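The values are calculated or read from the model by the stated rules, or taken from the named source; none is laboratory data. Everything quoted here is computed from the prediction, not taken from an experiment. All Cβ positions, glycine included, derive from the backbone under ideal geometry; neighbour counts span all protein chains shown. In case anyone asks, the SASA skips ligands and DNA or RNA and just uses the protein heavy atoms, side chains included. Shrake-Rupley method; radii C 1.70, N 1.55, O 1.52, S 1.80 Å.
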Amino acid sequence: MLGPVILAASRSDRMRRFVSAAPGTKQVVDRFIAGETVDEVVPIVEDAADQGLEVTLDVVGEDITTPAQAEAARDAYLELIERLSALDLGTRAEMSVKLSMFGQALEGGHELALANVRPVVEAAAAIGTTVTLDAEDHTTLDSMFAIHEELRKEFPQTGCVIQSYLFRTEDDARRLAAAGSRVRIVKGAYKEPASVAYQDKAEIDKAYVRITRILMEGEGYPMIGSHDPRLIAIAQELGRQAGRKLDEYEFQMLYGIRSDEHIRLAAEGHRMRVYTAYGTDWYGYFMRRLAEKPANLLFFGRSILTKG
């Protein structure tokens, strides 16, 4: 299985240098990363809005080692929100944040991450949008859920992400599927041990369906993060069985993957949101996209060979 190997490489400085220097890297990175600056990503948001799509924007970067870097991540999101406000795009775009970027792994990281993310959530609410807290590896989740619960006291629209490959997630879904909640379900893209996570794809998919059912039958707002045609069709059927209207849940897919499907679902009347990452510190995000699907790795390999 190549996936775990690639995920391990996502933490390697040596592999980071190799991948960054490879001749074909930029071609593949551009497939998944919308740009490096706010100026580059704003036209993509505008184009998505013109096509009936919504977006969630992620300023990539996870290797935060100082409080100053965490504050810089906060400021990058505040700059993004300011630009969206000036262009009246607040209702078409939300933000996705990884609390590791806000200092979660540093000394006193829980309190530091909460202090840094709160002004981002507040600024997003002021322009009519919201923030979703991305799930990272299992050791960070108790802190993430606690921060999510705290933020929702003042900003109840704050969302969070759960991952079907973790054993704990069905219980998390039952707790989170309450009125007013916003929950994104994904399979998971971190290397996790067999003690806490399913390792077999079929088991992960089965768990995904069970969790989707919990969310659809709950009182919250499910966000279905998948490119898998079978899981998308199952989610649609579970939505129908639960009596949900098409605007009472949404689908989410990554920028650069199955773009035709984005348009098809939106044309059918579904809310369709494109997860759009941008920024200069793209390596960790990029490697997880390679790990998720062998075809992405083959595309990268061909690019290196043809550009080398």
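For region 55-189, carbon and sulfur atoms together expose 51% of the accessible surface, with a 1.4 angstrom probe and every protein chain in place. Accessible surface comparison of R83, R273, probe 1.4 Å, protein chains only, largest first: the order is R83, R273. How would region 97-159 be classified by its alpha-carbon gyration tensor: rounded, prolate or oblate, with rounded meaning a/c under 1.5 and the a/b versus b/c comparison settling the rest? Taking the square roots of the gyration eigenvalues as a ≥ b ≥ c, region 97-159 is prolate.
The residues of region 167-293 have, on average, 43 Å² of accessible surface per residue, using a 1.4 Å probe with all protein chains present. Applying 0.36 nm per residue to the separation of T91 and S195 and subtracting their alpha-carbon distance, the gain on full extension is 33.3 nm.
A convex hull fitted to the Cα coordinates of region 114-258 yields 121 cubic angstrom per residue. In terms of its alpha-carbon gyration tensor, region 206-280 comes out prolate; a/c meets the 1.5 threshold, and the first ratio a/b outweighs b/c. Seen from a random direction on average, the alpha-carbon convex hull of region 205-250 projects onto 2.8 square nanometres.
Compute the distance from the alpha-carbon center of region 138-191 to that of region 240-260, in whole Å. A separation of 19 Å, based on Cα centres. As a calculated quantity, the FRET efficiency between S259 and V209 at R0 = 25 Å, using C-beta atoms, amounts to about 0.50. Accessible surface for region 40-152, divided over its residues, is 39 Å² per residue with a 1.4 Å probe. The simple spin-label model puts a point 7 Å past each Cα toward its Cβ; for D39 and E122 those points are separated by 3.0 nm. Each of F155 and H227 was given a label point 7 Å from its Cα along the Cα-to-Cβ line. The distance between the two points is 2.9 nm.
Each of the peptides 72-82, 235-245 was scored by the mean count of other Cβ atoms within 10 Å over its residues; in descending order, highest first, they stand as 72-82, 235-245.
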